[in-house]
Amino acid sequence: MQTLKKKLTKLSAISILTLSNVMTLAHAEHVHERADSHAPVGVMGDHLMKKGEWMTSYRFMNMHMDGMRSGTDDVSSDEIALMTNDLGGESMRMGNLPDGSPRIMTVPGNYRIAPLEMDMRMHMLGLMYGVSDDVTAMIMLNYIEKEMRMQTYRGMMGTDVVGRFTGETSGLGDTQVAALIRLGSEGVHNFHLNAGVSLPTGSITESGSVLPPFAGMMGTAPDETVGVDRLPYSMQLGSGTVDLMPGFTYTARENDTTWGGQFMATLRLYDNKEDYRLGNVYEGTAWVAQQWQSWVSTSARVSVKSEGGIKGRDTVITGGNPLSDPANYGRDEVNLLLGVNFLGNDGWVENQRLALEVGTPVYEKVDGVQMSKDWTVALSWQTTF
């Protein structure tokens, strides 16, 4: 894996190369708006609207994961294959027999599938409305695409590789609705409350196919995948529960510098219909931005996130993948992120924003065995009317 210095250098270069061509979109001064009047694109619910004002937005986020980790240490795929599988001995369907009946197999006592890489891409459509100068309503719709590349090992144990395959899921994610409520202002400092709810519109019963440890035997081709009834928790698209999302946001501005901070929580209140609940999530972030012209600013941000483990279990989710075990969820992480914001000030681009933020973890500690985060990219377009 790349060193932190190389990652940040690469991500900074991506920021400049990707967005340099939009710098010609605006170059006139505008007294009412600034490029840095919004937080970096990775911060949601950071500002209030004026009464009667609308804002629509499209955000794209890609999180890339690479390799496996136990605690704070990297773990190789072969090491995964030698680890004990606590789900071993259970029964699961792995495809169907020639007569169409389900092929029921016993889950091996060692992990037989090692995740290699994963990409989670989110397409987010947002709408904000200023109910008053002190209250803003917002809604966020999410479409999620998940792609995990994995390696299968032969038989019940050992490190003889069968081959590699890719698992995919996609669909509507959970929907967030929220109110932003102004708490007050003091000089250059502003404070507001985030009061949100996440609605369970994302599926938690996604099925798929895997390359089995017996590929090439039992009437299957060497590279033939077989259907399983349910994919691991990390490949599902939602939480299955109505979740509270309270938070607090602080912003400030002085001359050409803005800064701020936000704390957000996602609280799971009950078990979903599959008898489990995802862990609570707590995230704090702080940022500083510098405006170079009224139409361009850059930012640096740090985020600290703690995600609890899964409580309960969906008994349909089983198998030789460590991510099928609810014990392998829950993590703490610290991320560093760099961003750039552009604001159109004239002509057809007036009141339109384009923003990019890239980041990488500088600290990760996971419960059990999990995938390691590598980098994230977030791109946003916004317009106000």
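Here are the numbers for the structure shown:
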{"read-out": "Filter result for the condition that a residue is surrounded by fewer than 18 Cβ atoms within 10 Å (Cβ to Cβ) and at positive phi, over Gly109, Gly100, Gly88, Gly95", "value": "Gly100"}
{"read-out": "Selection within region 270-312 - of a type in the set (D, E, K, R) and either surrounded by fewer than 16 Cβ atoms within 10 Å (Cβ to Cβ) or within 23 Å of Leu244 (Cβ to Cβ) (or both)", "value": "Asp271, Lys273, Glu274, Asp275, Arg277, Glu283, Lys305, Glu307, Lys311"}
{"read-out": "Scan of region 220-256 for residues that are among the polar types (S, T, N, Q) and assigned to a strand (DSSP E or B), ordered by number", "value": "Thr249, Thr251"}
{"read-out": "Top-ranked residue of region 137-170 - restricted to ones that are among the small types (Gly, Ala, Ser) and either out of contact with any Gly (no Cβ under 7 Å at 6 or more places or on another chain) or at pLDDT below 95 (or both), ranked as nearest to Val242 (Cα to Cα)", "value": "Ala137"}
{"read-out": "Residue check for Met217: free of Cβ contacts under 8 Å to residues at least 24 places away in the same chain and either touching a helix residue (DSSP H, G or I) at 6+ places or on another chain (Cβ under 8 Å) or not in a helix (DSSP H, G or I) (or both)", "value": "yes"}
{"read-out": "Checking Arg253 against (1) touching a strand residue (DSSP E or B) at 6+ places or on another chain (Cβ under 7 Å); (2) of a type in the set (Lys, Arg); (3) surrounded by fewer than 21 Cβ atoms within 10 Å (Cβ to Cβ), the condition it does not meet", "value": "(1)"}
{"read-out": "Among the residues listed as Gly171, Gly163, Gly167, the single one being buried (at least 21 other Cβ atoms within 10 Å of the Cβ) and part of a strand (DSSP E or B)", "value": "Gly167"}
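The values are calculated or read from the model by the stated rules, or taken from the named source; none is laboratory data. Every value quoted in this text rests on a predicted model; they were computed, and no experiment measured them. Methodologically, a virtual Cβ is constructed for each residue, glycine included, from the backbone with ideal geometry; neighbour enumeration extends over all protein chains shown.
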